[in-house]
Amino acid sequence: MATKPKRYDLKAADRKRSLAIQIGLTSIVVIFAVVLVGYIVLSNDKKPTSGEVKSIRVASSNVIKNEGSSDPKVVLSLYEDFLCPHCGLFEQQFGPTVSKLIDTGAVAADYYMVAILDKQGNGYSSRAANAAYCVADESTDAFRRFHAALYAQQPAEGSAVYPDNARLIEIARQAGAGGGVPDCINKGRYTEMAQGLAEASKIQATPTIRINGQDYETSTPDALVAKIKEIVGNVPGLDGAAPPAQAPAPAQAPAPAP
Amino acid sequence: MTVTAPSDVQPSEPAADASNRVPVRTASAVWILIAGVVGLAAALTLTVEKIEILINPDYVPSCSINPVLSCGSVMVTPQASAFGFPNPLIGIVSFTIVVVTGVLALTKVRLPRWYWAGLATGTLLGVAFIHWLIFQSLYRIGALCPYCMAVWAVTIPLFVVVASIALQPLQSNVVARVLYTWRWSLVVLWFTALVLMILVRFWDYWSTLI
């Protein structure tokens, strides 16, 4: 160990012992640290429980930030239930505008997928919300497509058949989310969290829209854009609201196969 | 610092200015050489990849493996040009010096103490710089670049080896003695801490791979 020239070493045994002590003690500390950190990480990895509030942050990289910080200037919070018809209507009317607001960097959107209609929908609300969080863990872009796809084929409240988990996994796959998503959907990792989310975030109805934490009454997409512009000023590319999406036309008899 | 001994360059008489010329063990010399070669290779590769990106912005570097292990996203950040020019250029210059030092030490050329002190100072600056880069990479950029990590990995032990050589006069100091005795344990613990930080920081991603 020492940088002395080698010579006949009377203390060889001593050194061997002290080397063993060093290696032993170091290994003990390393193992202890790994186990401790591993334990903390793995216990955090458990299911988020009811009462937790977790959002899905969707923001472009050029989102306008508060000066001197990395916080977006406008956080648009959307509390939605995948089964609620008004949320479907909101998505249809405002969805393209919200997308535009996100893509131009005017806002960062926080989606809270709540589940308040489990009774009416035989648990579909929480399963769909869970699936959305699972997809968002994988990729935010996939979440945006998944979110749009679920509303485009939204089942009616009280209809007899709701998309099952296999169907949700398939939609997630089409949205570009694979990996651990099927497992996450089947295990219902976020189901409980979604069920408690409405209460935990103190919302009375869906959809609830909040701008920087303040409840916002929606009227028209143009009014929403105007409201955002009041805060962030003019944003390149954000001239006005986007035209609403085409109605999914539930009245049409046979829906074309996706 | 003037050498008062007569300019006796005979290799058979190293004891004449032994206080100024530092002997280096072969193991240390090999360490220095390996660290220099690995660091130089990483710095060279990063520079070449940087040039490729400049030529073609769509170029995907060879080390962009997945969202976390990706040097493309790291190399285009401002932190990758901390002093206004790409960091690997610093690496090319400094690791070249390390390689030369390693070769000299390995061939039993006894370099003066001030040289080792200078190299230790430079390596200390390097250690400080890579820790800043580690912090930026983990908590500001949110991606790891494999070649950069190779540089992190060699710089820390390199500093320990070079500092051990340069600080030999402190042998009688108790604190220095203890630090010296436990230096590799400290390095192991340091690396463990870094690895755990990387694991925890990107656990969301690693856990999807399991």
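Look at region B:105-125 and say how many of its residues are over 16 Å from residue B:164 (Cβ atoms), part of a helix (DSSP H, G or I) and open to solvent by less than 80 Å² (accessible area, probe 1.4 Å).
1
Condition test on residue B:184, is it more than 17 Å from the chain's Cα centre (by Cα), surrounded by 14 or more Cβ atoms within 10 Å (Cβ to Cβ) and at negative phi? Walk me through it before giving the result.
Numbers: more than 17 Å from the chain's Cα centre (by Cα): no; surrounded by 14 or more Cβ atoms within 10 Å (Cβ to Cβ): yes; at negative phi: yes.
When the stated conditions are applied, residue B:184 does not pass them.
Mind checking which pairs have a first residue in region A:140-164 that is among the polar types (S, T, N, Q) and a second that is in a helix (DSSP H, G or I) and surrounded by 15 or more Cβ atoms within 10 Å (Cβ to Cβ), Cβ under 9 Å, 6 or more apart or different chains?
Close Cβ pairs (under 9 Å, with a partner that is in a helix (DSSP H, G or I) and surrounded by 15 or more Cβ atoms within 10 Å (Cβ to Cβ)) amount to A:153/A:171; A:154/A:87; A:154/A:88; A:154/A:91; A:159/A:121.
From the list A:20, A:109, A:115, A:33, which residue is touching a helix residue (DSSP H, G or I) at 6+ places or on another chain (Cβ under 7 Å) and either at pLDDT below 85 or within 13 Å of another protein chain (Cβ to nearest Cβ) (or both)? Show your work before the answer.
Values: A:20 fails: touching a helix residue (DSSP H, G or I) at 6+ places or on another chain (Cβ under 7 Å); A:109 fails: either at pLDDT below 85 or within 13 Å of another protein chain (Cβ to nearest Cβ) (or both); A:115 fails: either at pLDDT below 85 or within 13 Å of another protein chain (Cβ to nearest Cβ) (or both).
Exactly one residue qualifies, and that residue is A:33.
Does region B:186-193 contain any residue that is out of contact with any helix residue (DSSP H, G or I) (no Cβ under 9 Å at 6 or more places or on another chain) and either modelled with pLDDT of 90 or more or more than 12 Å from chain A (Cβ to nearest Cβ) (or both)? Write out each step before concluding.
Here is the first cut: in region B:186-193, the residues out of contact with any helix residue (DSSP H, G or I) (no Cβ under 9 Å at 6 or more places or on another chain) are none.
Among the residues of region B:186-193, not one is out of contact with any helix residue (DSSP H, G or I) (no Cβ under 9 Å at 6 or more places or on another chain) and either modelled with pLDDT of 90 or more or more than 12 Å from chain A (Cβ to nearest Cβ) (or both), which makes the answer no.
Which residue is nearest to the other protein chains (Cβ to nearest Cβ), if the candidates are limited to region B:148-162 and must be in contact with a helix residue (DSSP H, G or I) (Cβ under 8 Å, 6 or more places away or on another chain) and farther than 26 Å from residue A:28 by Cβ?
So, considering only residues that are in contact with a helix residue (DSSP H, G or I) (Cβ under 8 Å, 6 or more places away or on another chain) and farther than 26 Å from residue A:28 by Cβ, the one nearest to the other protein chains (Cβ to nearest Cβ) is B:162.
Show the residue pairs that are 6+ apart or on different chains and have beta-carbon atoms under 7 Å apart, the first residue being within region A:197-215 and on the phi > 0 side of the Ramachandran plot, the second being open to solvent by less than 50 Å² (accessible area, probe 1.4 Å).
Listed pairs, sorted by first residue: A:212/A:74; A:212/A:75.
In region A:35-63, how many residues are more than 17 Å from the chain's Cα centre (by Cα) and surrounded by 18 or more Cβ atoms within 10 Å (Cβ to Cβ)?
Result for region A:35-63: 2.
When both residues are 6+ apart or on different chains and their Cβ atoms are under 7 Å apart, which pairs have a first residue that lies in region B:58-75 and is within 15 Å of residue B:45 (Cα to Cα), and a second that is at pLDDT 80 or above and basic (Lys, Arg)?
Qualifying pairs under 7 Å: B:75/B:50.
Could you check, for region B:172-185, whether at least one of its residues is facing chain A (nearest Cβ under 9 Å), within 18 Å of residue B:120 (Cα to Cα) and in contact with a helix residue (DSSP H, G or I) (Cβ under 9 Å, 6 or more places away or on another chain)?
Step one: list which residues in region B:172-185 are facing chain A (nearest Cβ under 9 Å), which gives B:180-182, B:184-185.
Adding the requirement that they be within 18 Å of residue B:120 (Cα to Cα) leaves B:180, B:184.
Among the residues that remain, those that are also in contact with a helix residue (DSSP H, G or I) (Cβ under 9 Å, 6 or more places away or on another chain) are: B:180, B:184.
Yes: region B:172-185 contains one or more residues that are facing chain A (nearest Cβ under 9 Å), within 18 Å of residue B:120 (Cα to Cα) and in contact with a helix residue (DSSP H, G or I) (Cβ under 9 Å, 6 or more places away or on another chain).
The values are calculated or read from the model by the stated rules, or taken from the named source; none is laboratory data. Here the structure is a predicted model, which is why all the values come from computation and not from measurement. So basically every Cβ, Gly included, is an ideal-geometry build from the backbone, and we count neighbours across all protein chains shown. Accessible surface is based on the protein model in full, side chains and every heavy atom, while ligands, DNA and RNA are left aside. Shrake-Rupley method; radii C 1.70, N 1.55, O 1.52, S 1.80 Å.
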